[in-house]
Amino acid sequence: MAQPDEENTISLLEDDGEQIEIPKLLPMISVRNVVVFPYMIIPLFVARDKSVRAVDTAMSKDRLVMLATQKDPSEEHPAPEDIYDVGTAAIIMQTLKLPDGRVKILVQGLEKRRIAGYRARKSMFRVKIEPLPDKPIKRMTVGTEALMRTVCEKSEKLLSLQGELNIDVSSILTSITDPGRLADVVSSNLRLKIPESQSLLMMVDPKKRLQRVHGYLNRELRVSTIQAKIQSKVHEEISKTQHDYFLREQLRAIRDELGDTDDREEILEYRTKIQEAKMPKEAEKEALKQLKRLEQMHPDAGEASIIRPYLDWLVEVPWSESTKDVLDVKKAQNILDEDHYNLSQVKERILEYLSVRKLNKKMKGPILCFVGPPGVGKTSLGRSIARAMNRKFVRISLGGVRDEAEIRGHRRTYIGALPGRIIQGLKQCKTNNPIFMMDEVDKIGADFRGDPAAALLEILDPEQNFSFSDHYLNIPFDLSKVLFITTANTIDPIPSALTDRMELIEIAGYTEEEKLVIAKKFLLPRQIKENGLKSKDIVFSDHALRKIITHYTQEAGLRNLEREIGKICRKTARKIAEGQKGPFRITANLHLFLGVPKYLPELEQEIHEVGVATGLAWTQFGGELLYVEASGMNGKGDLILTGQLGDVMRESAQAALTYARSHVQDLGIAEDFYKDLDIHIHVPSGAIPKDGPSAGITMASALVSALTEKPINRDVAMTGEITLRGRVLPIGGLKEKALAALRAKIYTVIIPDKNEKDLSEIPKNLRKKLRFIPVKHMDEVLKVVLLAKK
């Protein structure tokens, strides 16, 4: 062993007489989940690069290393402040390099040391250490000796309860005469928490340390005693179970001799149920096979408890029970109109299905997918369809489902196995042709338990679902009579293979006019009834309802609108309960019920301005005005974009600038304008992220206006994507954008030529109020929006 410098070492004399000198500088390993005490021999796995280098450094010199415990075991790269400053200097007795790069070492604690400072931190920890000696014991008192004997006896008792006591351990404990050393040896064998072990290591008073160890010993003894009682009780229960089994076997033999027929009655009951269930031949064959097995085995056998629930499911699943469809198309239309306003596309599709079903009795059920923002009535529409067709309605939510077994069921080999939610739903409604709604199909997850979306591929395919096999039943079940309806907020998260199997029906957000009609026809009567009012007690004006829609809610659906109406009804109910007399009229006094408005819609500009264009944007809450501002200033030709713009919108700005540069002569702009001019394009409401290509012509108009110093007509709104050549490409959400312009009292809207076909989506009465200008090229846009210089 290499001898270190005498000035930087502290001598330690071992029991066998060999002198080990511990240097004042040592490589350090930060250990997790363990506190190493002096005299303790323990194997450690070393995996972190710093720790492996510390081991290599120690092995190349004197095999001495400092071991200090981390405060937080989960910290992968601890800093000095994450490590306790008191640890144990130890000697590495053995090392073994493992194939995965880790090193297994066997260390023996030598003596406590305090870390005085860190001399190296990057490649490995090298620390300066100083002694932490125990306080000397002047004389051994009778009390100390009694405490030592008590600790030894309780340690032996604890080891005996844990089944780890042997003669060597007992002799070692009784041979120790130093209280501090006894405390360390016992501490290293107790199952203590890290802070408790560390506090013992840091104590320098041997007597106090031994007293605390005695306290921990008492606690561990109590825990181990209770644990031993529990194990003894479990063993007794197992013996009792075996005893009961033998008694039941004898009782069964006696019943057989007496001709007792309790078990036979159960078998006969199952047989009758199987006949009444009118199962397909394959299912009936399997049911009779399992019934025969049950008949031959002991009633209390373990497998009998698996067969009985399986037979119960087989006889309760509606193999041949169906409800009779109401094929009166006009009656179905009246029911759909009673429950929902507008939604003509969905209603037409259901009525078409009923018409074909009337002509073709063997038609398979369609797979529909309602796609739309929250609150537009997708789920309630499913209930309305079931009512119109006189079918049962089953709904399951797929939001957050990550286990394939939720859809297909568990195999019977698992304890507590059940069929999937499809079979459970059919059993619940007791028919094989319900309206089966799967909500939130776009929020299905996937993990190690499988992909539920993949399991839906078979269920939602009319060419396959006539023989759907649940893992639990393991028998084909015909789902072709079920009308499946799925709902989603967006299509993007749904796998393409699943989307391909469904007929997508998009349900757009409601316009202000539609919300007004729905509120008067459906929401108001419902809230008045739910809050215990009568229609004569409260009267809403159209102006008040419009203000709730525009100033107190901002949504595509109707949930918040109904909440606000319910809030007014509750406050009115309170006034009536306090003795005030109605009727209460809700007009311009909304602030008394709902407080200050939450949303303020964008208004038309007051004057025609240079560099400010009015665009139209689509949001999930409907259409919005989108102002684009452009300014030029002396600079180096940079294009500055602000307003939390997304990548697509930034590219639209680049395309607009390129268009302007390539048409300088037509626009009357200097050819080298970009060399000494910085252009700043800003879209207000900077806290709101924005993206999409439909603001292309708006950006180009604002940019050209700023460069030519011609004002833009404030009475014109526009939407459309622009190309480098100036062509105007089609966009989406035209209906919502047009209604946003109408709300802001802008009656002229520039749209792409190819969007002219989408004007039919806008209600006729609103379409008449607007003037749409279809354009093919950016030049046409500029002719309409640019005014003469002032």
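The values are calculated or read from the model by the stated rules, or taken from the named source; none is laboratory data. Because the structure is a prediction, the values reported are computed rather than measured. Neighbour counts run over all protein chains shown; Cβ positions are idealised from the backbone, glycine included. Please note that ligands, DNA and RNA were not included when accessible areas were found on the heavy atoms of the full protein model with its side chains. Shrake-Rupley method; radii C 1.70, N 1.55, O 1.52, S 1.80 Å.
Would you mind pulling out the separation of the Cα centroids of segment 533-591 and segment 385-415, in Å? Using only Cα atoms to place each centre, the spacing works out to 39 Å. Annotation note: GluC sites (Glu not before Pro) in segment 47-141 located in DSSP loop regions with a Cβ neighbour count of at most 10 within 10 Å are Glu76. Alpha-carbon geometry of segment 629-788: the Rg and the Dmax are 15.7, 51 Å, given in that order.
Here the Kirkwood formula, the inverse mean of 1/r across different C-alpha pairs, assigns segment 661-740 a hydrodynamic radius of 14.5 Å.
In this structure the amide hydrogen of Gly635, modeled in the peptide plane, comes within under 5 Å of the amide hydrogens of Leu677, Asp678, none closer than 5 places in sequence on its chain.
Among the protein heavy atoms of segment 107-199, carbon and sulfur supply 51% of the accessible surface, probe 1.4 Å, non-protein parts ignored.
As a ratio to 2.2 N^0.38 Å, the alpha-carbon radius of gyration for segment 381-490 is 1.04. With Cα atoms defining each centre, segment 338-383 and segment 471-489 are spaced 18 Å apart in the structure. For the pair Asp49 and Glu266, the difference between a 0.36 nm per residue extended length and the Cα-Cα distance amounts to 71.3 nm. Projected over every direction and averaged, the convex hull enclosing the alpha-carbon atoms of segment 570-694 yields 11.6 nm². Could you tell me which of rounded, prolate or oblate describes segment 420-571, using a ≥ b ≥ c as the square roots of the eigenvalues of the alpha-carbon gyration tensor, with rounded for a/c under 1.5 and, failing that, prolate when a/b is larger than b/c and oblate otherwise? Here segment 420-571 falls in the prolate category.
Which order, highest average first, do 593-600, 128-135, 608-615, 651-658 follow once you tally other Cβ atoms within 10 Å for each residue and take the mean per peptide?
608-615, 651-658, 128-135, 593-600
For segment 443-508, the calculated P(r) over all alpha carbon pairs, in 10 Å bins from 0 to the bin holding the longest distance, is 18, 48, 30, 4, 0 percent. Each peptide in 102-110, 539-547 was scored by the mean count of other Cβ atoms within 10 Å over its residues; highest first, the order is 102-110, 539-547. Contact order, relative form, for the chain: 7 percent (alpha carbon pairs under 8 Å, 6 or more residues apart, mean separation divided by residue count). Tell me, rounded to the nearest percent, the portion of alpha carbon pairs in segment 53-159 spaced more than 17 Å apart. Summing the P(r) tail past 17 Å for segment 53-159 gives 68 percent.
When a/c is below 1.5 the answer is rounded, else prolate if a/b is larger than b/c, else oblate, so apply that to segment 535-588 with a ≥ b ≥ c taken from the square roots of the Cα gyration tensor eigenvalues. It comes out prolate by the Cα gyration axes. Equivalent-ellipsoid semi-axes for segment 319-426 (Cα gyration tensor, √(5λ), whole Å, largest first): 30, 19, 11.
Quick one: with all protein chains in place, what share of the accessible area of segment 584-743 is carbon or sulfur, to the nearest percent (1.4 Å probe)?
50 percent
Per residue, segment 305-406 exposes 47 Å² of accessible surface when a 1.4 Å probe is rolled over the protein heavy atoms with every protein chain present. If the segment from Glu709 to Val517 were pulled out straight at 0.36 nm per residue, it would be longer than the present Cα-Cα gap by 64.6 nm. For the peptides 754-767, 510-523, the ranking by mean Cβ contacts within 10 Å, running from highest to lowest, is 510-523, 754-767. With bins 5 Å wide beginning at 0, the percent of Cα pairs of segment 719-790 falling in each bin runs 3, 16, 27, 23, 17, 10, 3, 1. Taking one quarter of the surface of the convex hull spanned by the alpha-carbon atoms of segment 292-373 gives a direction-averaged projected area of 9.9 nm². What the Cα convex hull of segment 96-147 gives, in volume per residue, is 144 Å³. For the set Trp618, Trp319, the ranking by accessible area, highest first and with no ligand, DNA or RNA atoms included, is Trp618, Trp319 under a 1.4 Å probe. Cα-based radius of gyration for segment 125-219, normalised by 2.2 N^0.38 Å, reads 1.14. Under 5 Å from the amide H of Asp451 lie the amide H atoms of Glu404, each residue being 5 or more positions distant or on a separate chain, with H modelled from the backbone and absent for Pro and chain starts.
Divided by 2.2 N^0.38 Å, where N counts the residues, the Cα radius of gyration of segment 653-702 comes to 1.30. Per atom type, segment 433-581 shows carbon and sulfur on 48% of its accessible surface, probed at 1.4 Å. At q = 0.14 Å⁻¹, what is the base-10 log of I(q)/I(0) for segment 561-613 according to the Debye formula with one equal point scatterer per Cα and no solvent? Please give it to two decimals. Values, matching the q order: -0.54.
Cα extents for segment 488-618 along the principal axes, largest to smallest and rounded to whole angstrom: 60, 51, 20. Dividing the Cα radius of gyration of the chain by its Kirkwood radius returns 1.14 for Rg/Rh. Taking only the Cα atoms of segment 378-437, the radius of gyration and Dmax are 13.4, 42 Å. The alpha carbon gyration tensor of segment 491-553 gives principal lengths a ≥ b ≥ c with a/c of 1.5 or higher and a/b greater than b/c, which makes the shape prolate. Taken over the C-alpha atoms, segment 245-404 has Rg and Dmax values of 24.4, 74 angstrom.
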